[in-house]
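The values are calculated or read from the model by the stated rules, or taken from the named source; none is laboratory data. Keep in mind that this is a model prediction, so the values were computed, not measured. With ideal geometry, Cβ positions are generated from the backbone for all residues, glycine too; neighbour counts draw on all protein chains shown. Note: accessible area is taken over every heavy atom of the protein model, side chains too, but ligands, DNA and RNA are not part of it. Shrake-Rupley method; radii C 1.70, N 1.55, O 1.52, S 1.80 Å.
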Amino acid sequence: MKFLASMLMAAALAAPALPAFSAGAAPAAPTKAAKPDLVKGEASYTAVCVACHAADGNSTIAANPKLAQQHPEYLVKQLQEFKSGKRNNAIMAGFASMLTDEDMKNIAYWAASKPAKAGFSSDKDLVALGERIYRGGIADRQIAACAGCHSPNGAGIPAQYPRLSGQHADYTASQLKMFRDGSRANSNQMTQVAAKLNDREIKAVSDYIAGLR
């Protein structure tokens with residue numbers, strides 16, 4: 001009996017200790033990401049972005065994009081890539097370098113909360129070509145329709161594809177040309193599409209996008 005008792009005691013001492021739980025205790029809940037602070041977003045936007053993108057995010061300078069109502073996830077991604085150098089733009093790299101990830105998130109959600117102002121197509125001779133490319137692509141050259149990713153009305157798909165509706169034609173055209181020549185290299189998908197477009201087609205589809213509602 002003494003031998004058996006000794007064996008049982010040794011086994012008990014060798015057994016791994018189990019964590020202690022109080023009665024009814026539940027596992028700790030995962031930490032939730034902080035919500036964007038729109039007040040701080042507006043302050044940062046006013047300090048850093050307003051001169052080029054206007055007070056309400058509806059840039060009046062055709063070379064600078066409208067940011068109002070843009071998907072915030074897209075804006076955060078672009079700011080991060082300006083800061084890292086993945087998207088090459090010396091001016092934006094300078095501004096983005098001053099921002100933390102939290103600043104970027106706050107700015108992006110504030111800009112997204114502003115209503116976008118409508119734009120207009122201006123080239124009547126090219127609008128039909130632009131509509132064909134946007135809605136149907138160019139099948140014989142394997143150019144996909146823009147609407148497939150950016151939606152028929154240019155609203156885009158949140159967190160995946162940016163809103164294009166009403167964007168300045170000059171800005172859209174410049175970005176397509178940069179994708180085509182490789183100076184903007186942060187979207188392989190857009191690089192492949194733009195590589196197949198000529199200047200006339202880029203101008204047409206950019207002008208059509210400007211008038212989308």
Pairs only if they're at least six apart or on different chains, beta carbon under 8 angstrom, first in the range 160-179 and modelled with pLDDT of 95 or more, second among the basic types (Lys, Arg) and open to solvent by less than 20 Å² (accessible area, probe 1.4 Å); list them, first residue then second.
175/184; 178/184
If we scan the range 195-207, do we find a residue that is basic (Lys, Arg) and either closer than 18 Å to residue 82 by Cα or open to solvent by less than 30 Å² (accessible area, probe 1.4 Å) (or both)?
no
Check 123, 140 and return the single one that is over 19 Å from the mean Cα position of the chain (by Cα) and open to solvent by 60 Å² or more (accessible area, probe 1.4 Å).
140
Looking only at the range 76-103, and only at residues there that are open to solvent by less than 80 Å² (accessible area, probe 1.4 Å) and hydroxyl-bearing (Ser, Thr, Tyr), the one that is nearest to residue 178 (Cα to Cα):
97
Can you name the residue in the range 107-144 that is under 14 Å from residue 208 (Cα atoms), in contact with a Phe, Trp or Tyr (Cβ under 7 Å, 6 or more places away or on another chain) and not β-branched (Val, Ile, Thr) and is also modelled with the lowest pLDDT among such residues?
121
Of the numbered conditions (1) more than 18 Å from residue 171 (Cα to Cα); (2) at pLDDT 95 or above, residue 64 satisfies every one except a single condition; which is it?
(1)
